[in-house]
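The values are calculated or read from the model by the stated rules, or taken from the named source; none is laboratory data. All values derive from a computational prediction rather than experimental measurement. Here the Cβ is made from the backbone with ideal geometry for all residues, glycine too, and neighbour counts use every protein chain on show. To get the accessible areas, we keep the full protein, side chains included, count just its heavy atoms, and leave off ligands, DNA and RNA. Shrake-Rupley method; radii C 1.70, N 1.55, O 1.52, S 1.80 Å.
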Amino acid sequence: MGPLPRTVELFYDVLSPYSWLGFEILCRYQNIWNINLQLRPSLITGIMKDSGLYMANDLKLLRHHLQIPIHFPKDFLSVMLEKGSLSAMRFLTAVNLEHPEMLEKASRELWMRVWSRNEDITEPQSILAAAEKAGMSAEQAQGLLEKIATPKVKNQLKETTEAACRYGAFGLPITVAHVDGQTHMLFGSDRMELLAHLLGEKWMGPIPPAVNARL
């Protein structure tokens, strides 16, 4: 019987492109490193107010390096400062509560819409389209969408966001590793080599061998 997997939490928002980068790398490594990856949908506006415009050129470089089809939205300021991600993150919270096995795919599809195809993630039909592309039935997706206004879902998203703040978050993503009775909070998508060190695992770059990274 091998060692039990260590728990690693990823707090993220689909409005954060760096959350997507960290998400994909952790998904690639979760079996290689024998970790119990727990996805924690959070709300970035509850943690930070100013995203800055530095990321445009940064994302262009990272797109090729990490092989993740990330592109800057044409109406960036509207996407980040006006439209936001509240409905999308409440929807992912509902997914996590009702069908956690679908959370990875549903999250990825929402990132693909806003950060790869320049599509909307705020309107109900947009969220439903992402959910169905992730493999949900229309009925299942509609049922989850109807729950985003419930106190249970609202409170869960608030509690998860507050948990990220308690860990010391000042933006997203943060990765929280629980190793040998200690908790380590790492900010950003570029701390995976340090995470590997904390886990006592080998870092093999953003695209480890034998992993099909094409999205």
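Side notes on the structure shown:
- In segment 178-203, the residues that are open to solvent by 50 Å² or more (accessible area, probe 1.4 Å), under 20 Å from N31 (Cβ atoms) and either assigned to a strand (DSSP E or B) or touching a Ser or Thr at 6+ places or on another chain (Cβ under 6 Å) (or both): H178
- Among residues of segment 172-185 that are more than 10 Å from V8 (Cα to Cα), those with a Cβ under 7 angstrom from a residue that is assigned to a strand (DSSP E or B) and open to solvent by 10 Å² or more (accessible area, probe 1.4 Å), sequence gap 6+ or separate chain, pair up as I174/M185; I174/L186; I174/F187.
- Subset of segment 130-160 (residues that are among the polar types (S, T, N, Q) and either touching a residue at least 40 places away in the same chain (Cβ under 8 Å) or not in a helix (DSSP H, G or I) (or both)): S137, Q140, T150, Q156, T160
- Scoring T175 on the criteria (1) open to solvent by 80 Å² or more (accessible area, probe 1.4 Å); (2) outside any helix (DSSP H, G or I) leaves a single failure, condition (1).
- Every residue from segment 161-172 that is open to solvent by less than 20 Å² (accessible area, probe 1.4 Å) and either of a type in the set (F, W, Y) or not in a helix (DSSP H, G or I) (or both): A169, G171, L172
- When we screen I127, I121 for residues that are outside any helix (DSSP H, G or I), buried (at least 16 other Cβ atoms within 10 Å of the Cβ) and over 13 Å from the mean Cα position of the chain (by Cα), the only hit is I121.
- From the options N57, N118, residue that is touching a residue at least 40 places away in the same chain (Cβ under 8 Å) and farther than 28 Å from N36 by Cβ: N118
- Hits in segment 80-116 - residues which are in contact with a strand residue (DSSP E or B) (Cβ under 8 Å, 6 or more places away or on another chain), buried (at least 24 other Cβ atoms within 10 Å of the Cβ) and either modelled with pLDDT under 95 or not β-branched (V, I, T) (or both): M89, L92, S107
- Residue count for segment 103-128 under the criterion of being closer than 16 Å to L86 by Cβ and among the charged types (D, E, K, R): the result is 3.
One line per residue, one yes/no per condition, for (1) over 11 Å from the mean Cα position of the chain (by Cα); (2) open to solvent by 70 Å² or more (accessible area, probe 1.4 Å); (3) at pLDDT below 90; (4) not hydrophobic (A, V, I, L, M, F, W, C):
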{"residue": "F23", "(1), (2), (3), (4)": "no, no, no, no"}
{"residue": "C27", "(1), (2), (3), (4)": "no, no, no, no"}
{"residue": "S42", "(1), (2), (3), (4)": "no, no, no, yes"}
{"residue": "M55", "(1), (2), (3), (4)": "yes, no, yes, no"}
{"residue": "Q67", "(1), (2), (3), (4)": "yes, yes, no, yes"}
{"residue": "P73", "(1), (2), (3), (4)": "yes, no, yes, yes"}
